[in-house]
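Undergrad: Sharing a structure, written as C-alpha coordinates. Questions coming.
The values are calculated or read from the model by the stated rules, or taken from the named source; none is laboratory data. From a predicted model like this one, the values you see are computed outputs, not experimental measurements. A quick note on method: Cβ atoms are made from the backbone with ideal geometry, for glycine too, and the neighbour counts reach across all protein chains shown. In case anyone asks, the SASA skips ligands and DNA or RNA and just uses the protein heavy atoms, side chains included. Shrake-Rupley method; radii C 1.70, N 1.55, O 1.52, S 1.80 Å.
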Amino acid sequence: MTASVTVRVPAKVNVQLAVGPVRSDGFHDLANVFLAVGLFDEVTVRPADALRVTCEGPDAGQVPLDAGNLAARAALALAKRHGREANVHIHIDKNIPVAGGMAGGSADGAAALVACDALWGTGASREEMLEICAELGSDVPFSLVGGAALGRGRGELLTPLETGGTFHWVFAVADGGLSTPAVYAECDRLRGTAAVPDPEPSSALLAALRAGDVAALAAAVGNDLQEAAVSLRPSLAATLAAGTEAGALAAMVSGSGPTTAFLVEDEAAARKVADALRASGTCRAVRETSGPVAGATVI
Ligand code: C5P
(Lines give C-alpha, C1' and ligand atoms only; values in the text may rest on other atoms or scores of the structure.)
Protein backbone atom coordinates (compact mmCIF):
# COMPACT_ATOMS: atom_id res chain seq x y z
CA MET A 1 0.00 0.00 0.00
CA THR A 2 1.26 3.49 -0.85
CA ALA A 3 2.43 5.23 2.33
CA SER A 4 1.78 8.78 1.13
CA VAL A 5 1.16 10.90 -1.97
CA THR A 6 2.32 14.51 -2.42
CA VAL A 7 0.83 16.88 -5.00
CA ARG A 8 2.30 20.24 -6.00
CA VAL A 9 -0.25 22.86 -7.04
CA PRO A 10 0.21 26.44 -8.29
CA ALA A 11 -1.34 29.81 -7.47
CA LYS A 12 -3.15 31.77 -10.18
CA VAL A 13 -3.46 35.32 -11.33
CA ASN A 14 -6.39 36.57 -13.40
CA VAL A 15 -5.03 38.50 -16.34
CA GLN A 16 -8.60 39.40 -17.23
CA LEU A 17 -11.54 39.23 -14.85
CA ALA A 18 -14.67 40.57 -16.51
CA VAL A 19 -17.64 40.37 -14.15
CA GLY A 20 -21.22 40.32 -15.44
CA PRO A 21 -24.42 41.09 -13.55
CA VAL A 22 -25.31 39.11 -10.42
CA ARG A 23 -27.22 35.90 -11.31
CA SER A 24 -30.28 34.48 -9.57
CA ASP A 25 -28.02 31.97 -7.71
CA GLY A 26 -25.92 34.82 -6.27
CA PHE A 27 -22.90 34.14 -8.49
CA HIS A 28 -21.71 36.35 -11.34
CA ASP A 29 -21.09 35.25 -14.91
CA LEU A 30 -17.46 35.80 -15.75
CA ALA A 31 -14.96 35.99 -18.55
CA ASN A 32 -12.04 34.91 -16.41
CA VAL A 33 -8.62 34.47 -18.00
CA PHE A 34 -6.48 32.46 -15.59
CA LEU A 35 -2.71 32.10 -15.64
CA ALA A 36 -1.05 29.59 -13.29
CA VAL A 37 2.12 31.03 -11.71
CA GLY A 38 5.03 29.45 -9.88
CA LEU A 39 4.04 29.91 -6.25
CA PHE A 40 3.14 26.45 -4.99
CA ASP A 41 1.44 24.65 -2.13
CA GLU A 42 2.33 21.00 -1.54
CA VAL A 43 -0.41 18.74 -0.24
CA THR A 44 0.48 15.32 1.21
CA VAL A 45 -2.10 12.67 2.08
CA ARG A 46 -1.51 9.47 4.05
CA PRO A 47 -3.84 6.87 5.55
CA ALA A 48 -5.16 7.75 9.04
CA ASP A 49 -7.85 6.68 11.51
CA ALA A 50 -10.02 9.69 10.65
CA LEU A 51 -9.99 12.75 8.37
CA ARG A 52 -7.56 15.34 9.70
CA VAL A 53 -5.98 18.48 8.18
CA THR A 54 -2.73 20.12 9.26
CA CYS A 55 -0.94 23.08 7.73
CA GLU A 56 2.52 24.58 7.95
CA GLY A 57 4.01 27.74 6.45
CA PRO A 58 4.29 31.45 7.29
CA ASP A 59 0.51 32.04 7.11
CA ALA A 60 -0.59 28.61 8.37
CA GLY A 61 -2.39 30.17 11.34
CA GLN A 62 -4.94 31.77 8.99
CA VAL A 63 -5.94 28.49 7.31
CA PRO A 64 -9.15 26.88 8.65
CA LEU A 65 -8.44 23.24 9.52
CA ASP A 66 -12.06 22.18 10.03
CA ALA A 67 -14.47 20.47 7.59
CA GLY A 68 -14.77 23.77 5.70
CA ASN A 69 -11.21 23.44 4.41
CA LEU A 70 -11.41 22.81 0.66
CA ALA A 71 -8.84 20.01 0.89
CA ALA A 72 -11.01 18.18 3.44
CA ARG A 73 -14.11 18.79 1.33
CA ALA A 74 -12.33 17.40 -1.73
CA ALA A 75 -11.37 14.20 0.10
CA LEU A 76 -14.94 13.79 1.39
CA ALA A 77 -16.46 14.39 -2.06
CA LEU A 78 -14.22 11.79 -3.75
CA ALA A 79 -14.73 9.25 -0.94
CA LYS A 80 -18.52 9.66 -1.09
CA ARG A 81 -18.64 9.08 -4.84
CA HIS A 82 -16.55 5.93 -4.50
CA GLY A 83 -18.33 4.54 -1.43
CA ARG A 84 -15.43 4.68 0.98
CA GLU A 85 -14.35 6.52 4.13
CA ALA A 86 -12.17 9.64 3.79
CA ASN A 87 -9.77 8.46 6.48
CA VAL A 88 -6.70 10.46 5.55
CA HIS A 89 -4.31 12.89 7.15
CA ILE A 90 -4.00 15.85 4.76
CA HIS A 91 -0.94 17.99 5.33
CA ILE A 92 -0.68 21.33 3.52
CA ASP A 93 2.72 22.95 3.10
CA LYS A 94 1.45 26.44 2.39
CA ASN A 95 3.35 28.89 0.27
CA ILE A 96 0.47 30.60 -1.59
CA PRO A 97 -0.84 33.76 0.16
CA VAL A 98 -3.99 32.98 2.20
CA ALA A 99 -7.25 34.78 1.25
CA GLY A 100 -5.18 36.83 -1.18
CA GLY A 101 -6.99 36.38 -4.48
CA MET A 102 -4.51 33.78 -5.74
CA ALA A 103 -6.78 30.72 -5.33
CA GLY A 104 -4.74 29.26 -2.45
CA GLY A 105 -7.71 27.44 -0.93
CA SER A 106 -8.88 26.26 -4.36
CA ALA A 107 -5.38 24.98 -5.07
CA ASP A 108 -5.43 22.85 -1.92
CA GLY A 109 -8.83 21.44 -2.92
CA ALA A 110 -7.59 20.38 -6.35
CA ALA A 111 -4.35 19.01 -4.90
CA ALA A 112 -6.10 16.96 -2.22
CA LEU A 113 -8.42 15.52 -4.85
CA VAL A 114 -5.53 14.40 -7.08
CA ALA A 115 -3.63 13.07 -4.05
CA CYS A 116 -6.55 11.05 -2.65
CA ASP A 117 -7.34 9.65 -6.09
CA ALA A 118 -3.75 8.39 -6.33
CA LEU A 119 -3.59 7.14 -2.71
CA TRP A 120 -6.88 5.25 -2.93
CA GLY A 121 -6.46 4.11 -6.53
CA THR A 122 -9.95 5.40 -7.32
CA GLY A 123 -8.98 6.02 -10.94
CA ALA A 124 -11.49 8.86 -11.32
CA SER A 125 -11.74 10.15 -14.89
CA ARG A 126 -10.59 13.66 -15.77
CA GLU A 127 -14.25 14.54 -16.33
CA GLU A 128 -15.26 13.35 -12.86
CA MET A 129 -12.32 15.20 -11.27
CA LEU A 130 -13.35 18.43 -13.01
CA GLU A 131 -16.97 17.90 -11.91
CA ILE A 132 -15.93 17.51 -8.25
CA CYS A 133 -13.67 20.57 -8.56
CA ALA A 134 -16.58 22.66 -9.89
CA GLU A 135 -18.74 21.54 -6.93
CA LEU A 136 -16.00 22.66 -4.53
CA GLY A 137 -15.63 26.19 -5.93
CA SER A 138 -15.49 28.36 -9.02
CA ASP A 139 -11.66 28.50 -9.19
CA VAL A 140 -10.93 24.87 -8.25
CA PRO A 141 -11.12 23.38 -11.79
CA PHE A 142 -8.41 25.78 -12.96
CA SER A 143 -6.09 24.71 -10.13
CA LEU A 144 -6.40 21.15 -11.46
CA VAL A 145 -5.75 22.14 -15.08
CA GLY A 146 -3.11 24.90 -14.72
CA GLY A 147 -1.38 26.58 -17.66
CA ALA A 148 -3.63 29.29 -19.01
CA ALA A 149 -7.37 29.02 -19.53
CA LEU A 150 -10.54 31.01 -20.14
CA GLY A 151 -13.21 30.40 -17.49
CA ARG A 152 -16.84 31.10 -18.39
CA GLY A 153 -19.98 30.58 -16.31
CA ARG A 154 -18.94 31.36 -12.73
CA GLY A 155 -15.36 30.58 -13.81
CA GLU A 156 -15.62 26.78 -13.74
CA LEU A 157 -16.22 26.13 -17.48
CA LEU A 158 -12.69 26.06 -18.83
CA THR A 159 -11.18 26.34 -22.28
CA PRO A 160 -7.39 25.89 -22.31
CA LEU A 161 -5.47 28.77 -23.90
CA GLU A 162 -2.24 28.68 -25.85
CA THR A 163 0.61 30.80 -24.54
CA GLY A 164 3.62 31.81 -26.63
CA GLY A 165 6.07 32.43 -23.82
CA THR A 166 6.75 32.94 -20.14
CA PHE A 167 5.42 36.01 -18.35
CA HIS A 168 7.25 37.45 -15.34
CA TRP A 169 5.34 38.71 -12.30
CA VAL A 170 5.89 40.30 -8.94
CA PHE A 171 3.24 39.84 -6.25
CA ALA A 172 2.84 42.09 -3.23
CA VAL A 173 1.16 40.33 -0.32
CA ALA A 174 -1.01 42.64 1.81
CA ASP A 175 -1.64 42.38 5.53
CA GLY A 176 -4.70 40.22 6.18
CA GLY A 177 -7.12 38.83 3.61
CA LEU A 178 -10.24 39.99 1.82
CA SER A 179 -13.44 37.94 1.68
CA THR A 180 -14.31 37.03 -1.92
CA PRO A 181 -18.12 37.36 -1.38
CA ALA A 182 -17.55 40.78 0.23
CA VAL A 183 -15.56 41.99 -2.79
CA TYR A 184 -18.23 40.79 -5.25
CA ALA A 185 -20.90 42.49 -3.09
CA GLU A 186 -18.89 45.73 -3.08
CA CYS A 187 -18.57 45.50 -6.88
CA ASP A 188 -22.39 45.23 -7.12
CA ARG A 189 -22.82 48.13 -4.70
CA LEU A 190 -20.44 50.40 -6.64
CA ARG A 191 -22.25 49.56 -9.88
CA GLY A 192 -25.62 50.49 -8.37
CA THR A 193 -28.37 50.37 -10.94
CA ALA A 194 -26.09 50.87 -13.98
CA ALA A 195 -26.59 48.31 -16.76
CA VAL A 196 -23.80 45.71 -16.72
CA PRO A 197 -22.79 44.20 -20.07
CA ASP A 198 -22.25 40.46 -20.49
CA PRO A 199 -18.60 39.66 -19.76
CA GLU A 200 -16.49 38.93 -22.84
CA PRO A 201 -12.84 37.92 -23.14
CA SER A 202 -10.63 40.57 -24.74
CA SER A 203 -9.40 39.37 -28.15
CA ALA A 204 -6.32 41.61 -27.79
CA LEU A 205 -5.51 39.88 -24.50
CA LEU A 206 -5.93 36.38 -25.90
CA ALA A 207 -3.72 37.32 -28.89
CA ALA A 208 -1.05 38.73 -26.54
CA LEU A 209 -1.01 35.50 -24.51
CA ARG A 210 -0.77 33.43 -27.69
CA ALA A 211 2.10 35.55 -29.00
CA GLY A 212 3.95 35.71 -25.68
CA ASP A 213 3.89 39.52 -26.09
CA VAL A 214 4.30 41.03 -22.63
CA ALA A 215 3.78 44.67 -23.69
CA ALA A 216 0.55 43.80 -25.49
CA LEU A 217 -0.60 41.72 -22.51
CA ALA A 218 0.15 44.62 -20.15
CA ALA A 219 -1.98 46.92 -22.30
CA ALA A 220 -4.91 44.49 -22.26
CA VAL A 221 -5.10 43.22 -18.64
CA GLY A 222 -8.13 44.20 -16.58
CA ASN A 223 -9.92 43.27 -13.38
CA ASP A 224 -13.51 44.37 -12.75
CA LEU A 225 -13.08 43.54 -9.04
CA GLN A 226 -10.17 45.94 -8.63
CA GLU A 227 -12.21 49.02 -7.79
CA ALA A 228 -14.18 47.05 -5.20
CA ALA A 229 -11.03 45.59 -3.61
CA VAL A 230 -9.44 49.06 -3.41
CA SER A 231 -12.68 50.48 -2.03
CA LEU A 232 -12.60 47.92 0.80
CA ARG A 233 -8.81 48.27 1.26
CA PRO A 234 -7.83 51.82 0.19
CA SER A 235 -4.16 51.23 1.12
CA LEU A 236 -3.84 49.02 -2.01
CA ALA A 237 -3.70 52.18 -4.14
CA ALA A 238 -0.28 53.03 -2.68
CA THR A 239 1.04 49.52 -3.39
CA LEU A 240 -0.18 49.71 -7.00
CA ALA A 241 1.45 53.15 -7.40
CA ALA A 242 4.77 51.94 -5.93
CA GLY A 243 4.99 49.07 -8.45
CA THR A 244 4.05 51.32 -11.37
CA GLU A 245 6.66 53.91 -10.40
CA ALA A 246 9.30 51.16 -10.28
CA GLY A 247 8.60 50.26 -13.91
CA ALA A 248 5.96 47.53 -13.84
CA LEU A 249 4.28 47.28 -17.26
CA ALA A 250 0.92 46.63 -15.57
CA ALA A 251 -0.24 46.84 -11.96
CA MET A 252 -3.45 45.19 -10.84
CA VAL A 253 -5.27 43.56 -7.96
CA SER A 254 -5.04 39.76 -8.20
CA GLY A 255 -8.58 38.34 -8.39
CA SER A 256 -10.57 39.58 -5.40
CA GLY A 257 -7.36 40.76 -3.67
CA PRO A 258 -5.78 41.99 -1.55
CA THR A 259 -2.63 40.59 -3.21
CA THR A 260 -1.49 42.94 -5.99
CA ALA A 261 0.14 41.67 -9.20
CA PHE A 262 2.77 43.43 -11.31
CA LEU A 263 3.55 42.28 -14.83
CA VAL A 264 7.18 42.99 -15.75
CA GLU A 265 9.44 42.63 -18.79
CA ASP A 266 11.91 40.06 -17.44
CA GLU A 267 13.68 38.80 -14.31
CA ALA A 268 15.85 41.93 -13.99
CA ALA A 269 12.76 44.15 -14.03
CA ALA A 270 11.10 41.82 -11.52
CA ARG A 271 14.00 42.30 -9.11
CA LYS A 272 13.80 46.09 -9.47
CA VAL A 273 10.04 46.21 -8.90
CA ALA A 274 10.28 43.75 -6.01
CA ASP A 275 13.00 45.83 -4.30
CA ALA A 276 10.95 49.01 -4.72
CA LEU A 277 7.82 47.34 -3.32
CA ARG A 278 9.77 46.08 -0.29
CA ALA A 279 11.24 49.55 0.27
CA SER A 280 7.81 51.21 -0.09
CA GLY A 281 6.56 49.73 3.17
CA THR A 282 3.12 49.30 1.55
CA CYS A 283 2.97 45.49 1.74
CA ARG A 284 3.83 42.59 4.03
CA ALA A 285 5.81 40.40 1.62
CA VAL A 286 6.93 40.38 -2.01
CA ARG A 287 7.27 37.36 -4.32
CA GLU A 288 8.81 37.09 -7.79
CA THR A 289 7.69 34.34 -10.14
CA SER A 290 6.54 33.49 -13.66
CA GLY A 291 3.88 31.57 -15.55
CA PRO A 292 2.33 29.60 -17.08
CA VAL A 293 3.13 26.49 -15.03
CA ALA A 294 1.39 23.09 -14.84
CA GLY A 295 -1.67 22.43 -12.65
CA ALA A 296 -1.91 19.96 -9.74
CA THR A 297 0.79 17.30 -10.25
CA VAL A 298 1.86 14.27 -8.20
CA ILE A 299 5.54 14.63 -7.24
O1 C5P B 1 -17.14 29.53 -5.98
P2 C5P B 1 -16.57 30.07 -4.73
O3 C5P B 1 -17.01 29.30 -3.52
O4 C5P B 1 -15.10 30.26 -4.77
O5 C5P B 1 -17.17 31.53 -4.59
C6 C5P B 1 -17.07 32.24 -3.38
C7 C5P B 1 -18.03 33.42 -3.43
O8 C5P B 1 -17.57 34.37 -4.40
C9 C5P B 1 -19.44 33.09 -3.85
O10 C5P B 1 -20.22 32.70 -2.76
C11 C5P B 1 -19.92 34.41 -4.45
O12 C5P B 1 -20.27 35.31 -3.43
C13 C5P B 1 -18.66 34.95 -5.09
N14 C5P B 1 -18.57 34.61 -6.52
C15 C5P B 1 -19.41 35.24 -7.42
N16 C5P B 1 -19.33 34.93 -8.76
C17 C5P B 1 -18.41 34.05 -9.20
C18 C5P B 1 -17.53 33.41 -8.31
C19 C5P B 1 -17.64 33.71 -6.97
O20 C5P B 1 -20.25 36.05 -7.04
N21 C5P B 1 -18.34 33.79 -10.50
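Undergrad: Only one of these conditions is not met by residue 190: (1) of a type in the set (A, V, I, L, M, F, W, C); (2) out of contact with any Ser or Thr (no Cβ under 7 Å at 6 or more places or on another chain); (3) within 16 Å of the ligand (Cβ to nearest atom); (4) farther than 26 Å from residue 285 by Cβ. Which number is it?
TA: With (1) of a type in the set (A, V, I, L, M, F, W, C); (2) out of contact with any Ser or Thr (no Cβ under 7 Å at 6 or more places or on another chain); (3) within 16 Å of the ligand (Cβ to nearest atom); (4) farther than 26 Å from residue 285 by Cβ applied to residue 190, the lone miss is (2).
Undergrad: Can you tell me which residue is least open to solvent (accessible area, probe 1.4 Å) among those in the stretch 24-57 that are in contact (Cβ under 8 Å) with a residue 40 or more places away in the chain and assigned to a loop (DSSP other than H, G, I, E, B)? Give the derivation first.
TA: First pass over the stretch 24-57, keeping only residues in contact (Cβ under 8 Å) with a residue 40 or more places away in the chain: 27-48.
Adding the requirement that they be assigned to a loop (DSSP other than H, G, I, E, B) leaves 27, 48.
On the way: 27: 93, 48: 36 Å².
Taking the candidates together, the pick is 48.
Undergrad: Looking at 143, 138, 179 in this structure, which one is hydroxyl-bearing (Ser, Thr, Tyr) and open to solvent by less than 20 Å² (accessible area, probe 1.4 Å)?
TA: Every option except 143 fails the conditions.
Undergrad: Something else now. Of the residues 161, 113, only one is touching a residue at least 24 places away in the same chain (Cβ under 8 Å), among the hydrophobic types (A, V, I, L, M, F, W, C) and crowded, with 21+ Cβ neighbours inside 10 Å; which?
TA: Exactly one of 161, 113 is touching a residue at least 24 places away in the same chain (Cβ under 8 Å), among the hydrophobic types (A, V, I, L, M, F, W, C) and crowded, with 21+ Cβ neighbours inside 10 Å, namely 113.
Undergrad: How many residues, within the stretch 58-75, are under 12 Å from residue 112 (Cβ atoms) and open to solvent by less than 80 Å² (accessible area, probe 1.4 Å)?
TA: Qualifying residue count, the stretch 58-75: 6.
Undergrad: What pairs come up if the first residue lies in the stretch 256-280 and is on the phi > 0 side of the Ramachandran plot, the second is outside any helix (DSSP H, G or I), and their beta carbons are under 6 Å apart, counting only those six or more places apart or on different chains?
TA: Hits for this filter: 257/101; 257/178.
Undergrad: Can I ask one more? Looking only at the stretch 203-218, which residues are open to solvent by 20 Å² or more (accessible area, probe 1.4 Å) and without any contact (Cβ under 8 Å) to a residue 24 or more places away in the chain?
TA: If the condition is that a residue be open to solvent by 20 Å² or more (accessible area, probe 1.4 Å) and without any contact (Cβ under 8 Å) to a residue 24 or more places away in the chain, then 203, 204, 207, 216 are the ones that fit.
Undergrad: May I pose another question? Sort through 128, 135 and tell me the only one that's over 24 Å from residue 266 (Cα atoms), within 11 Å of the ligand (Cβ to nearest atom), outside any strand (DSSP E or B) and modelled with pLDDT of 95 or more.
TA: Working: 128 fails: within 11 Å of the ligand (Cβ to nearest atom).
Being over 24 Å from residue 266 (Cα atoms), within 11 Å of the ligand (Cβ to nearest atom), outside any strand (DSSP E or B) and modelled with pLDDT of 95 or more holds for just one of 128, 135, which is 135.
Undergrad: Looking for whichever is in contact with a helix residue (DSSP H, G or I) (Cβ under 8 Å, 6 or more places away or on another chain) and within 17 Å of residue 169 (Cβ to Cβ) here; the options are 225, 217. Which one fits?
TA: 217
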